[in-house]
Amino acid sequence: MERFASELSQAGMQRMASRVFVALLASEDGAMTSAELAERLQISPAAVSGAVRYLGQVDLVGREHVPGTRRERYVLHNHVWFETFTRRDQLLSRWGRMLREGAETLGPDTVAGHRVAETAEFFDFLHDEMARIMDRWREMKGAERG
């Protein structure tokens, strides 16, 4: 699991957030308290706090109250990867729209306008492909359940 956390860090996720995310991913119920995370990872409560703040901001984990206590536990969202890539797909769509507008502003006959238009085409392509991939994933998971 440490190797996967390292890969996430190399891909741009904060190092401690990567470790906390992977600890949650590898936990039996996908949820742990701050104290459990600190103990499992041998890190300070402050490090846990910073990591879960980041993971919450990028919408990978949520918080829930532990009944009968004043504590919270941090929980992976259901279908975390599907939801993450769905949000990325929405981002690609927005970027494509903005880039097409930018290409029009720069002018289609300019080098810059052409470059920006090609970038928009690339994001549009990724958006379309991602939609097909997500549909196939839903179909596959539906077939497994059915």
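The values are calculated or read from the model by the stated rules, or taken from the named source; none is laboratory data. Every value quoted in this text rests on a predicted model; they were computed, and no experiment measured them. We place every Cβ from the backbone using ideal geometry, glycine too, and count neighbours over all the protein chains shown. Ligands, DNA and RNA are stripped out before the accessible areas are found, and what is left, the full protein with its side chains, is counted by its heavy atoms. Shrake-Rupley method; radii C 1.70, N 1.55, O 1.52, S 1.80 Å.
Among 59, 124, 135, the largest mean-square fluctuation in a Gaussian network model of the chain, built with springs joining Cα atoms closer than 10 Å, belongs to 135. Projecting label points 7 angstrom from Cα along Cα→Cβ for residue 4 and residue 91 puts them 2.1 nm apart. Which of these values of Cα extents along the principal axes in Å was calculated from the structure shown: (1) 85, 35, 21; (2) 64, 42, 30; (3) 55, 33, 27? Only one listed value fits the structure, namely (2).
The long axis of helix 45-57 is offset from the longest Cα principal axis of the chain by roughly 30 degrees. Using a probe of 1.4 angstrom and keeping all protein chains present, the accessible surface of the chain works out to 68 square angstrom per residue. Full extension of the segment from residue 135 to residue 115, taken as 0.36 nm per residue of separation minus the current Cα-Cα distance, would add 4.1 nm. What a 1.4 Å probe finds exposed on the stretch 33-130 is 54% carbon and sulfur by accessible area, rounded to a whole percent. Subtracting the Cα-Cα distance of residue 59 and residue 125 from 0.36 nm times their residue separation leaves 21.3 nm of extension gain.
On full extension of the chain, what length is gained from residue 82 through residue 145, given 0.36 nm per residue of separation minus the C-alpha to C-alpha distance?
Working: separation 63, 0.36 × 63 = 22.68 nm, distance 1.65 nm.
Result: 21.0 nm gained on full extension.
At the residue level, residue 118 shows approximately 110 square angstrom of accessible surface with a 1.4 angstrom probe and all protein chains present.
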